[in-house]
Ligand code: MN
């Protein structure tokens, strides 16, 4: 059996300046090194707290612990996916190609229609949260979700294809209070090849499940 692990902040696959001018170095450093790190630390501290309580057979406030754990783990997971969703504007294709293009045209009619719906979902998240493109394997359709905070209104086990962080901490250095401008800029740095990789991984999982059955 593997040893019990802890969460680790993933390194970015690109330089801190790579997403400029859409996301500045200062904004990205703050977001990755401070905000994302805080969720990693938060989740690990809770796991340690739980372990300490178990070791001494002490009482645990399970309601508060489960809530905080869900918030911090989800924050870590979504940020990890978000960094993978981005790429330097020089390397970014203006529109998706391949599997994601086909999937979006089939469900939304066109990429433009999808972009409009996803943008609206992102701009209208109440308070802090995310716009998320997921895929439902039960009905073989992509579905846009709005996630509040990091963990509210999530459908468990839906694989995530594309996420956009619309917490203020994601854009306030560059765009102040203008979330819509940040969302517009996001479309210039979407790593569509990465989205296609996730679709491929998801279909491999589906195939494996079918083989097991
Ligand atoms: Mn964030």
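Any read-out appearing in this document is the output of simple, stated calculations on the displayed coordinates, not a laboratory observation. In this text the structure is predicted, and so the values were computed from the model without any measurement. Using ideal geometry, Cβ is built from the backbone for each residue, glycine included, and neighbour counts are taken over all protein chains shown.
Tell me the relative contact order for segment 25-84 as a rounded percent, counting alpha carbon contacts under 8 Å between residues six or more apart.
Working: 22 pairs, mean separation 28.0, N = 60.
Reported relative contact order: 47 percent.
Which whole-number percentage describes the relative contact order of the chain, with Cα contacts under 8 Å and a sequence gap of 6 or more?
Dividing the mean separation by the residue count of the chain yields 24 percent.
Give the angle, between 0 and 90 degrees and rounded to the nearest 10, that separates the Cα long axis of helix 111-123 from the longest principal axis of the Cα atoms of the chain.
So the inclination is approximately 40 degrees.
Test of understanding: ordering 138, 1, 145, 103 by Cβ neighbours within 10 Å, fewest first, what list do you get?
Going from sparsest to densest Cβ surroundings: 1, 138, 145, 103.
Does the chain classify as rounded, prolate or oblate by the C-alpha gyration tensor (a ≥ b ≥ c root eigenvalues; a/c under 1.5 gives rounded; else a/b over b/c gives prolate, otherwise oblate)?
Values: a/c = 1.81, a/b = 1.28, b/c = 1.41.
Oblate shape, in that a/c is at least 1.5 and b/c is the bigger or equal ratio.
What does the helix-only formula give at 222 nm for the chain: each DSSP H stretch with n ≥ 4 adding -39500 (n - 2.57), the total divided by the residues, and the result rounded to the nearest 500 deg cm²/dmol?
Working: 8 runs with 105 residues, N = 213.
Value at 222 nm, helices only: -15500 deg cm²/dmol.
Among 67-74, 157-164, 10-17, what's the highest-first ranking by average C-beta atoms within 10 angstrom per residue?
Working: 67-74: 17.6, 157-164: 19.8, 10-17: 13.5.
Packing proxy ranking, top to bottom: 157-164, 67-74, 10-17.
Indicate the gyration tensor shape class of segment 25-84 (rounded, prolate or oblate), computed on the Cα atoms with a ≥ b ≥ c the square roots of the eigenvalues: a/c under 1.5 is rounded; otherwise a/b larger than b/c is prolate and the rest oblate. Kindly include the intermediate steps, with their values, before the conclusion.
Numbers: a/c = 3.55, a/b = 2.61, b/c = 1.36.
Note, shape of segment 25-84 comes out prolate.
How far, in degrees from 0 to 90, does helix 62-85 lean away from the longest principal axis of the Cα atoms of the chain, to the nearest 10?
With rounding to tens, the tilt is 30 degrees.
Going by alpha carbons, how many degrees (0 to 90, nearest 10) lie between the helix axis of 192-212 and the longest principal axis of the chain?
Approximately 60 degrees, to the nearest 10.
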